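Here's the structure, in C-alpha coordinates; my notes come after.
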Amino acid sequence: MKHTRHQHRLWHTCAVAGAVLMIIALLPSAQAQSVTVTGEVNGSIQGQADVSALVERIDGLQSQIDELRERIDTGPDETPPPETPEPNPGPSNGKIGMNAGFVWRSNFTHPDRPGVDNYDDLLRPVCSVYRPMNWNRINDFRPEVDSIDDPHYYDGRTWRDALREQVGLCNAVGAGFYLNVPVRATPGFVREAVAFIRANLQDNSGGGGGGGGGDSGGVIYIAWANEAWLPGRFPYDYLKDVSGTDPGSGDNAFFDLWADKLVMTFAAAREADPTCIRVVETKTARDGTWYTEQIVKRLQLRGCDYDAVAGTLYFSPKWPSGYWESMSVDDAFDEAEEEWVSDDRKWQVANIRWAKDRGKLAIAYEAGQHFHDIGMRPALVRTLQNCQTDPRMGEMYRAVYGYALEAGIDLIIDFDWLDWSNQHGYWGKATSLEELPGSVKYQAVKQIATSY
(Lines give C-alpha, C1' and ligand atoms only; values in the text may rest on other atoms or scores of the structure.)
Protein backbone atom coordinates (compact mmCIF):
# COMPACT_ATOMS: atom_id res chain seq x y z
CA MET A 1 0.00 0.00 0.00
CA LYS A 2 1.45 3.35 -1.03
CA HIS A 3 1.09 6.04 1.60
CA THR A 4 0.92 9.78 1.07
CA ARG A 5 3.36 12.16 2.72
CA HIS A 6 0.61 13.00 5.20
CA GLN A 7 0.20 9.32 6.13
CA HIS A 8 3.96 8.89 6.58
CA ARG A 9 3.94 11.73 9.10
CA LEU A 10 1.16 10.01 11.03
CA TRP A 11 3.06 6.72 11.03
CA HIS A 12 6.07 8.53 12.47
CA THR A 13 3.95 9.98 15.24
CA CYS A 14 2.59 6.52 16.08
CA ALA A 15 6.09 5.04 16.16
CA VAL A 16 7.32 7.66 18.64
CA ALA A 17 4.28 7.21 20.85
CA GLY A 18 4.67 3.42 20.72
CA ALA A 19 8.29 3.71 21.83
CA VAL A 20 7.20 5.77 24.84
CA LEU A 21 4.63 3.09 25.76
CA MET A 22 7.24 0.35 25.56
CA ILE A 23 9.57 2.22 27.91
CA ILE A 24 6.81 2.86 30.36
CA ALA A 25 5.71 -0.81 30.23
CA LEU A 26 9.13 -1.84 31.56
CA LEU A 27 8.67 0.19 34.71
CA PRO A 28 7.87 -1.65 37.99
CA SER A 29 4.13 -2.05 38.28
CA ALA A 30 1.81 -1.09 41.10
CA GLN A 31 3.54 -3.36 43.64
CA ALA A 32 4.82 -0.18 45.22
CA GLN A 33 2.27 2.56 45.78
CA SER A 34 4.75 5.37 45.55
CA VAL A 35 7.66 4.03 43.56
CA THR A 36 9.63 6.93 42.12
CA VAL A 37 11.18 6.76 38.68
CA THR A 38 14.00 9.03 37.61
CA GLY A 39 14.63 9.37 33.87
CA GLU A 40 14.25 11.42 30.74
CA VAL A 41 11.09 11.36 28.66
CA ASN A 42 11.06 12.67 25.08
CA GLY A 43 14.56 14.12 25.48
CA SER A 44 13.50 17.07 27.58
CA ILE A 45 11.62 16.08 30.75
CA GLN A 46 13.81 14.93 33.59
CA GLY A 47 12.73 14.39 37.11
CA GLN A 48 10.41 12.23 39.15
CA ALA A 49 7.10 10.77 38.05
CA ASP A 50 4.57 8.88 40.07
CA VAL A 51 3.57 5.56 38.48
CA SER A 52 -0.12 6.23 38.96
CA ALA A 53 0.20 9.51 37.03
CA LEU A 54 2.08 7.70 34.26
CA VAL A 55 -0.67 5.12 33.99
CA GLU A 56 -3.17 7.90 33.30
CA ARG A 57 -0.89 9.30 30.64
CA ILE A 58 -0.54 5.84 29.07
CA ASP A 59 -4.30 5.62 28.70
CA GLY A 60 -4.37 9.00 27.03
CA LEU A 61 -1.55 8.10 24.66
CA GLN A 62 -3.18 4.81 23.73
CA SER A 63 -6.37 6.63 22.82
CA GLN A 64 -4.44 9.08 20.61
CA ILE A 65 -2.58 6.22 18.90
CA ASP A 66 -5.86 4.46 18.10
CA GLU A 67 -7.20 7.69 16.58
CA LEU A 68 -4.05 8.24 14.52
CA ARG A 69 -4.14 4.69 13.17
CA GLU A 70 -7.72 5.18 12.09
CA ARG A 71 -6.75 8.38 10.26
CA ILE A 72 -3.90 6.54 8.52
CA ASP A 73 -6.32 3.99 7.15
CA THR A 74 -8.83 6.57 5.93
CA GLY A 75 -6.27 9.14 4.75
CA PRO A 76 -6.34 12.89 5.34
CA ASP A 77 -9.47 14.95 5.09
CA GLU A 78 -9.96 15.41 1.37
CA THR A 79 -12.53 18.16 1.69
CA PRO A 80 -11.16 20.91 -0.54
CA PRO A 81 -10.75 24.36 0.92
CA PRO A 82 -13.14 27.04 -0.27
CA GLU A 83 -12.21 28.16 -3.77
CA THR A 84 -10.90 31.67 -4.25
CA PRO A 85 -13.04 33.15 -6.99
CA GLU A 86 -11.31 34.32 -10.15
CA PRO A 87 -10.98 38.09 -10.31
CA ASN A 88 -13.80 39.64 -12.28
CA PRO A 89 -12.13 41.53 -15.13
CA GLY A 90 -13.47 45.05 -15.25
CA PRO A 91 -12.37 48.00 -17.32
CA SER A 92 -8.66 48.61 -17.77
CA ASN A 93 -6.83 50.03 -14.79
CA GLY A 94 -5.07 52.45 -17.13
CA LYS A 95 -1.67 51.05 -16.16
CA ILE A 96 -0.98 48.85 -19.20
CA GLY A 97 -0.39 50.03 -22.76
CA MET A 98 0.70 48.26 -25.91
CA ASN A 99 3.45 48.72 -28.51
CA ALA A 100 2.88 47.77 -32.12
CA GLY A 101 5.89 47.08 -34.27
CA PHE A 102 3.64 46.67 -37.32
CA VAL A 103 1.10 49.43 -37.74
CA TRP A 104 -1.51 48.10 -40.11
CA ARG A 105 -4.28 45.92 -38.75
CA SER A 106 -4.59 44.49 -42.26
CA ASN A 107 -1.32 42.67 -41.61
CA PHE A 108 -3.22 40.39 -39.27
CA THR A 109 -6.77 40.44 -40.66
CA HIS A 110 -7.76 38.44 -43.70
CA PRO A 111 -11.09 37.30 -45.20
CA ASP A 112 -10.77 33.87 -43.57
CA ARG A 113 -9.87 35.27 -40.13
CA PRO A 114 -12.08 36.80 -37.43
CA GLY A 115 -11.49 40.33 -38.75
CA VAL A 116 -10.88 43.81 -37.48
CA ASP A 117 -13.66 43.71 -34.88
CA ASN A 118 -12.02 40.75 -33.17
CA TYR A 119 -8.66 42.50 -33.35
CA ASP A 120 -10.09 45.48 -31.49
CA ASP A 121 -11.92 43.33 -28.94
CA LEU A 122 -8.75 41.45 -28.07
CA LEU A 123 -6.64 44.61 -27.88
CA ARG A 124 -9.09 46.66 -25.81
CA PRO A 125 -8.47 45.08 -22.35
CA VAL A 126 -4.69 45.44 -22.56
CA CYS A 127 -4.30 48.84 -24.18
CA SER A 128 -4.86 52.02 -22.20
CA VAL A 129 -2.15 53.73 -24.28
CA TYR A 130 -1.16 52.77 -27.81
CA ARG A 131 2.45 53.27 -28.98
CA PRO A 132 2.57 52.58 -32.74
CA MET A 133 6.34 52.61 -32.91
CA ASN A 134 7.17 51.10 -36.28
CA TRP A 135 10.81 50.00 -36.19
CA ASN A 136 11.69 50.97 -39.75
CA ARG A 137 10.13 54.43 -39.57
CA ILE A 138 11.37 55.64 -36.19
CA ASN A 139 14.72 53.88 -35.89
CA ASP A 140 15.79 53.95 -39.53
CA PHE A 141 13.96 56.81 -41.27
CA ARG A 142 16.88 59.05 -42.21
CA PRO A 143 15.53 61.91 -44.40
CA GLU A 144 14.37 65.14 -42.87
CA VAL A 145 10.58 65.20 -42.68
CA ASP A 146 8.66 68.46 -42.32
CA SER A 147 5.08 67.46 -43.08
CA ILE A 148 2.76 64.58 -42.25
CA ASP A 149 1.89 64.53 -45.97
CA ASP A 150 5.39 63.31 -46.80
CA PRO A 151 4.76 60.22 -48.98
CA HIS A 152 7.74 58.22 -47.71
CA TYR A 153 6.25 56.84 -44.51
CA TYR A 154 5.70 53.27 -45.68
CA ASP A 155 4.85 51.60 -48.96
CA GLY A 156 3.82 54.86 -50.65
CA ARG A 157 1.59 55.92 -47.77
CA THR A 158 1.94 59.24 -46.00
CA TRP A 159 2.38 59.91 -42.31
CA ARG A 160 -1.17 61.30 -42.34
CA ASP A 161 -2.41 57.92 -43.64
CA ALA A 162 -0.59 56.17 -40.82
CA LEU A 163 -1.83 58.57 -38.14
CA ARG A 164 -5.40 58.24 -39.39
CA GLU A 165 -5.36 54.47 -38.93
CA GLN A 166 -3.50 54.64 -35.65
CA VAL A 167 -5.85 57.23 -34.15
CA GLY A 168 -8.80 55.20 -35.38
CA LEU A 169 -7.51 52.19 -33.51
CA CYS A 170 -7.03 54.26 -30.34
CA ASN A 171 -10.62 55.44 -30.61
CA ALA A 172 -11.86 51.89 -31.13
CA VAL A 173 -10.22 50.59 -27.96
CA GLY A 174 -10.37 53.75 -25.83
CA ALA A 175 -6.63 54.34 -25.69
CA GLY A 176 -4.34 57.33 -25.45
CA PHE A 177 -1.78 57.93 -28.20
CA TYR A 178 1.99 57.72 -27.64
CA LEU A 179 3.89 59.40 -30.47
CA ASN A 180 7.62 58.95 -31.10
CA VAL A 181 8.58 61.46 -33.79
CA PRO A 182 11.25 60.62 -36.40
CA VAL A 183 14.86 61.53 -35.70
CA ARG A 184 14.94 64.37 -38.25
CA ALA A 185 11.41 65.64 -37.78
CA THR A 186 11.12 69.43 -37.97
CA PRO A 187 8.99 71.58 -35.65
CA GLY A 188 6.46 71.83 -38.47
CA PHE A 189 6.09 68.06 -38.63
CA VAL A 190 5.66 67.79 -34.86
CA ARG A 191 2.98 70.51 -34.80
CA GLU A 192 1.08 68.93 -37.69
CA ALA A 193 1.23 65.44 -36.22
CA VAL A 194 0.12 66.45 -32.73
CA ALA A 195 -2.60 68.77 -34.12
CA PHE A 196 -3.96 65.93 -36.27
CA ILE A 197 -4.01 63.53 -33.33
CA ARG A 198 -5.61 66.13 -31.04
CA ALA A 199 -8.35 66.90 -33.57
CA ASN A 200 -9.23 63.25 -34.10
CA LEU A 201 -8.45 61.41 -30.87
CA GLN A 202 -11.57 60.79 -28.80
CA ASP A 203 -11.62 61.15 -25.04
CA ASN A 204 -12.67 57.69 -23.87
CA SER A 205 -11.12 58.07 -20.45
CA GLY A 206 -12.65 56.41 -17.44
CA GLY A 207 -13.04 53.05 -19.12
CA GLY A 208 -16.76 52.77 -18.43
CA GLY A 209 -16.53 49.03 -18.91
CA GLY A 210 -16.03 49.39 -22.65
CA GLY A 211 -12.84 51.25 -23.38
CA GLY A 212 -9.39 50.14 -22.43
CA GLY A 213 -8.30 53.65 -21.67
CA GLY A 214 -8.68 53.93 -17.92
CA ASP A 215 -7.79 57.60 -17.45
CA SER A 216 -5.56 57.68 -20.54
CA GLY A 217 -8.12 57.85 -23.35
CA GLY A 218 -7.67 61.11 -25.23
CA VAL A 219 -4.21 61.73 -23.78
CA ILE A 220 -1.24 62.34 -26.10
CA TYR A 221 2.28 61.33 -25.07
CA ILE A 222 5.15 62.83 -27.06
CA ALA A 223 8.76 61.57 -27.30
CA TRP A 224 11.68 62.12 -29.65
CA ALA A 225 13.07 59.17 -31.64
CA ASN A 226 13.56 55.80 -29.95
CA GLU A 227 16.43 54.47 -27.84
CA ALA A 228 18.95 57.14 -28.78
CA TRP A 229 21.27 55.58 -26.22
CA LEU A 230 21.63 52.31 -28.17
CA PRO A 231 24.67 52.00 -30.50
CA GLY A 232 23.87 50.73 -33.96
CA ARG A 233 20.50 52.45 -34.20
CA PHE A 234 20.05 55.53 -36.37
CA PRO A 235 19.05 57.84 -33.45
CA TYR A 236 22.35 57.04 -31.69
CA ASP A 237 24.37 57.28 -34.90
CA TYR A 238 22.73 60.60 -35.74
CA LEU A 239 23.60 62.14 -32.37
CA LYS A 240 27.13 60.78 -32.53
CA ASP A 241 27.80 61.87 -36.13
CA VAL A 242 26.31 65.36 -35.81
CA SER A 243 27.79 66.09 -32.36
CA GLY A 244 31.14 64.46 -33.10
CA THR A 245 31.06 62.61 -29.75
CA ASP A 246 29.62 59.51 -28.14
CA PRO A 247 28.04 59.44 -24.66
CA GLY A 248 31.42 58.93 -22.96
CA SER A 249 31.48 60.69 -19.62
CA GLY A 250 28.31 62.61 -20.31
CA ASP A 251 30.00 66.03 -20.35
CA ASN A 252 29.94 66.42 -24.11
CA ALA A 253 27.93 67.48 -27.15
CA PHE A 254 26.17 64.13 -27.57
CA PHE A 255 23.79 64.88 -24.70
CA ASP A 256 23.64 68.57 -25.63
CA LEU A 257 22.24 67.68 -29.06
CA TRP A 258 19.88 65.13 -27.53
CA ALA A 259 18.52 67.80 -25.17
CA ASP A 260 18.15 70.27 -28.06
CA LYS A 261 16.03 67.76 -29.99
CA LEU A 262 13.82 67.26 -26.95
CA VAL A 263 13.39 71.01 -26.43
CA MET A 264 12.32 71.43 -30.06
CA THR A 265 9.96 68.45 -29.93
CA PHE A 266 8.32 69.41 -26.64
CA ALA A 267 7.87 73.08 -27.63
CA ALA A 268 6.27 72.26 -30.99
CA ALA A 269 4.03 69.61 -29.44
CA ARG A 270 2.81 71.96 -26.70
CA GLU A 271 1.90 74.56 -29.34
CA ALA A 272 -0.52 72.05 -30.85
CA ASP A 273 -1.69 70.49 -27.58
CA PRO A 274 -0.87 72.31 -24.33
CA THR A 275 -1.90 69.21 -22.34
CA CYS A 276 0.30 66.62 -24.05
CA ILE A 277 2.64 64.63 -21.81
CA ARG A 278 6.32 65.26 -22.59
CA VAL A 279 8.31 62.06 -22.14
CA VAL A 280 12.06 61.73 -21.68
CA GLU A 281 12.91 58.24 -22.89
CA THR A 282 16.13 57.03 -21.35
CA LYS A 283 18.22 53.99 -20.58
CA THR A 284 17.44 51.75 -17.64
CA ALA A 285 19.61 48.67 -17.28
CA ARG A 286 22.84 48.78 -15.27
CA ASP A 287 23.37 52.49 -15.60
CA GLY A 288 20.93 53.43 -12.90
CA THR A 289 19.74 56.97 -13.48
CA TRP A 290 22.95 58.24 -15.06
CA TYR A 291 21.50 58.69 -18.55
CA THR A 292 18.38 60.32 -17.12
CA GLU A 293 20.43 62.80 -15.13
CA GLN A 294 22.57 63.74 -18.16
CA ILE A 295 19.50 64.60 -20.20
CA VAL A 296 17.40 66.25 -17.50
CA LYS A 297 20.09 68.60 -16.24
CA ARG A 298 20.50 69.89 -19.80
CA LEU A 299 16.76 70.39 -20.16
CA GLN A 300 16.80 72.40 -16.94
CA LEU A 301 19.66 74.57 -18.23
CA ARG A 302 17.54 75.27 -21.32
CA GLY A 303 14.46 76.10 -19.25
CA CYS A 304 12.54 73.15 -20.64
CA ASP A 305 10.21 71.15 -18.43
CA TYR A 306 9.10 67.55 -18.90
CA ASP A 307 6.32 65.41 -17.47
CA ALA A 308 7.54 61.81 -17.49
CA VAL A 309 10.64 59.64 -17.46
CA ALA A 310 10.48 56.38 -19.41
CA GLY A 311 12.79 53.38 -19.34
CA THR A 312 12.34 49.69 -20.08
CA LEU A 313 10.94 46.82 -18.02
CA TYR A 314 12.37 43.70 -19.64
CA PHE A 315 13.32 40.32 -18.23
CA SER A 316 15.53 37.61 -19.74
CA PRO A 317 18.56 35.45 -19.07
CA LYS A 318 21.75 37.51 -19.01
CA TRP A 319 23.07 37.74 -22.54
CA PRO A 320 25.23 36.00 -23.63
CA SER A 321 26.41 34.18 -20.50
CA GLY A 322 22.90 33.10 -19.53
CA TYR A 323 22.38 31.17 -22.77
CA TRP A 324 23.83 27.88 -23.91
CA GLU A 325 22.71 25.67 -26.76
CA SER A 326 21.62 22.66 -24.70
CA MET A 327 19.69 24.66 -22.10
CA SER A 328 16.15 23.52 -21.33
CA VAL A 329 13.01 25.59 -20.90
CA ASP A 330 13.38 25.38 -17.12
CA ASP A 331 17.04 26.41 -17.41
CA ALA A 332 16.01 29.50 -19.36
CA PHE A 333 13.44 30.54 -16.77
CA ASP A 334 15.80 29.79 -13.88
CA GLU A 335 18.40 32.04 -15.48
CA ALA A 336 15.85 34.77 -16.22
CA GLU A 337 14.48 34.74 -12.68
CA GLU A 338 17.97 34.88 -11.20
CA GLU A 339 19.00 37.76 -13.46
CA TRP A 340 15.85 39.74 -12.66
CA VAL A 341 16.01 39.19 -8.90
CA SER A 342 19.75 39.82 -8.58
CA ASP A 343 20.18 42.69 -11.03
CA ASP A 344 17.49 43.96 -13.40
CA ARG A 345 14.78 44.93 -10.96
CA LYS A 346 17.01 47.19 -8.86
CA TRP A 347 17.74 49.35 -11.94
CA GLN A 348 14.12 49.32 -12.98
CA VAL A 349 12.93 50.42 -9.56
CA ALA A 350 15.71 53.04 -9.31
CA ASN A 351 14.33 54.80 -12.38
CA ILE A 352 10.76 54.57 -11.12
CA ARG A 353 11.70 56.10 -7.79
CA TRP A 354 13.88 58.76 -9.44
CA ALA A 355 10.88 60.00 -11.41
CA LYS A 356 8.38 59.77 -8.55
CA ASP A 357 10.70 61.59 -6.15
CA ARG A 358 10.67 64.53 -8.56
CA GLY A 359 6.92 64.55 -9.06
CA LYS A 360 7.11 63.08 -12.57
CA LEU A 361 5.30 60.15 -14.16
CA ALA A 362 7.24 56.88 -14.32
CA ILE A 363 6.70 54.96 -17.56
CA ALA A 364 8.07 51.81 -19.16
CA TYR A 365 8.05 52.64 -22.87
CA GLU A 366 8.75 48.95 -23.59
CA ALA A 367 8.30 45.92 -21.35
CA GLY A 368 8.05 42.14 -21.34
CA GLN A 369 10.20 39.13 -22.10
CA HIS A 370 13.49 39.65 -23.93
CA PHE A 371 14.49 36.06 -24.71
CA HIS A 372 16.58 35.87 -27.88
CA ASP A 373 19.55 34.20 -29.54
CA ILE A 374 21.10 36.35 -32.25
CA GLY A 375 23.34 33.42 -33.22
CA MET A 376 20.24 31.41 -34.21
CA ARG A 377 21.56 28.13 -32.80
CA PRO A 378 18.81 25.67 -33.78
CA ALA A 379 18.44 23.81 -30.47
CA LEU A 380 18.44 27.03 -28.46
CA VAL A 381 15.95 28.68 -30.81
CA ARG A 382 13.54 25.78 -30.27
CA THR A 383 13.94 26.11 -26.50
CA LEU A 384 13.31 29.86 -26.52
CA GLN A 385 10.28 29.41 -28.76
CA ASN A 386 8.91 26.82 -26.34
CA CYS A 387 9.43 29.29 -23.50
CA GLN A 388 6.87 31.59 -25.11
CA THR A 389 4.04 29.15 -24.45
CA ASP A 390 5.21 27.80 -21.08
CA PRO A 391 3.15 28.66 -17.96
CA ARG A 392 6.29 30.02 -16.28
CA MET A 393 6.30 32.81 -18.84
CA GLY A 394 2.96 34.04 -17.55
CA GLU A 395 4.25 33.79 -13.98
CA MET A 396 7.23 36.00 -14.84
CA TYR A 397 5.05 38.63 -16.50
CA ARG A 398 2.87 38.80 -13.40
CA ALA A 399 5.91 38.99 -11.09
CA VAL A 400 7.82 41.66 -13.03
CA TYR A 401 4.84 43.87 -13.88
CA GLY A 402 3.37 43.47 -10.42
CA TYR A 403 6.65 44.44 -8.78
CA ALA A 404 6.88 47.60 -10.87
CA LEU A 405 3.27 48.53 -10.11
CA GLU A 406 3.92 48.09 -6.40
CA ALA A 407 6.97 50.35 -6.78
CA GLY A 408 4.72 53.09 -8.17
CA ILE A 409 5.09 52.93 -11.95
CA ASP A 410 2.32 54.83 -13.72
CA LEU A 411 2.29 53.11 -17.11
CA ILE A 412 3.74 49.90 -18.56
CA ILE A 413 3.68 49.76 -22.37
CA ASP A 414 4.08 46.11 -23.26
CA PHE A 415 6.24 45.13 -26.24
CA ASP A 416 4.46 44.11 -28.27
CA TRP A 417 1.07 43.22 -29.67
CA LEU A 418 1.19 40.91 -32.70
CA ASP A 419 4.58 40.20 -34.19
CA TRP A 420 6.49 37.54 -36.04
CA SER A 421 9.46 35.90 -34.37
CA ASN A 422 13.02 36.32 -35.60
CA GLN A 423 16.60 36.10 -34.36
CA HIS A 424 16.10 39.29 -32.36
CA GLY A 425 13.29 37.88 -30.26
CA TYR A 426 9.76 36.59 -29.88
CA TRP A 427 8.09 39.86 -29.07
CA GLY A 428 4.43 39.47 -29.93
CA LYS A 429 1.83 38.32 -27.47
CA ALA A 430 1.15 35.99 -30.38
CA THR A 431 1.92 35.77 -34.09
CA SER A 432 -1.74 35.72 -35.17
CA LEU A 433 -5.19 36.64 -33.91
CA GLU A 434 -6.09 32.98 -33.63
CA GLU A 435 -3.28 32.35 -31.15
CA LEU A 436 -4.08 35.27 -28.86
CA PRO A 437 -6.86 33.84 -26.64
CA GLY A 438 -4.66 30.91 -25.61
CA SER A 439 -1.41 32.85 -25.29
CA VAL A 440 0.09 32.70 -21.77
CA LYS A 441 1.68 36.11 -22.40
CA TYR A 442 -1.58 37.71 -23.49
CA GLN A 443 -3.54 36.19 -20.62
CA ALA A 444 -0.97 37.35 -18.05
CA VAL A 445 -0.94 40.93 -19.38
CA LYS A 446 -4.74 40.94 -19.57
CA GLN A 447 -5.02 39.79 -15.96
CA ILE A 448 -2.68 42.54 -14.79
CA ALA A 449 -4.48 45.15 -16.89
CA THR A 450 -7.97 44.31 -15.65
CA SER A 451 -7.54 42.85 -12.18
CA TYR A 452 -4.49 44.43 -10.54
Count of residues meeting criterion [exposed (fewer than 15 other Cβ atoms within 10 Å of the Cβ), within 17 Å of Ala379 (Cβ to Cβ) and of a type in the set (A, V, I, L, M)] in segment 320-351 | 0
If you scan segment 259-307, which residues turn out to be open to solvent by 60 Å² or more (accessible area, probe 1.4 Å) and either in contact with a Leu (Cβ under 8 Å, 6 or more places away or on another chain) or at pLDDT 95 or above (or both)?
-> Asp260, Arg270, Glu271, Pro274, Thr275, Lys297, Gln300, Leu301, Arg302, Gly303, Asp305
Checked segment 120-150 for anything among the aliphatic types (A, V, I, L, M), in contact with a Phe, Trp or Tyr (Cβ under 7 Å, 6 or more places away or on another chain) and in a loop (DSSP other than H, G, I, E, B); matches are Ile148
Any idea which of Arg164, Arg157, Arg198, Arg142 is under 27 Å from Gly94 (Cα atoms), open to solvent by 10 Å² or more (accessible area, probe 1.4 Å) and at pLDDT below 95?
-> Arg164
When (1) closer than 25 Å to Pro182 by Cα; (2) in a helix (DSSP H, G or I) are applied to Ala310, the one that fails is (2)
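For every residue, the table says whether it meets (1) open to solvent by less than 20 Å² (accessible area, probe 1.4 Å); (2) touching a Pro at 6+ places or on another chain (Cβ under 6 Å); (3) assigned to a loop (DSSP other than H, G, I, E, B); (4) farther than 30 Å from Gly176 by Cβ.
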| position | (1), (2), (3), (4) |
| --- | --- |
| Arg353 | no, no, no, no |
| Tyr365 | yes, no, no, no |
| Asp373 | yes, no, yes, yes |
| Tyr401 | yes, no, no, no |
So Arg382, is it free of Cβ contacts under 8 Å to residues at least 40 places away in the same chain, surrounded by fewer than 22 Cβ atoms within 10 Å (Cβ to Cβ) and assigned to a helix (DSSP H, G or I) | yes
Sole residue being touching a helix residue (DSSP H, G or I) at 6+ places or on another chain (Cβ under 7 Å), charged (D, E, K, R) and farther than 30 Å from Ala223 by Cβ, chosen from Asp390, Asp331, Asp414 | Asp390
State whether one or more residues within segment 314-330 are over 25 Å from the mean Cα position of the chain (by Cα), part of a loop (DSSP other than H, G, I, E, B) and not polar (S, T, N, Q).
-> yes
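The values are calculated or read from the model by the stated rules, or taken from the named source; none is laboratory data. Just so it is clear, the model here is predicted, and its values are computed rather than measured. Note that we place each Cβ from the backbone using ideal geometry, even for glycine, and neighbour counts take in every protein chain shown. We work out accessible area using only protein heavy atoms, side chains counted, and drop any ligands, DNA or RNA first. Shrake-Rupley method; radii C 1.70, N 1.55, O 1.52, S 1.80 Å.
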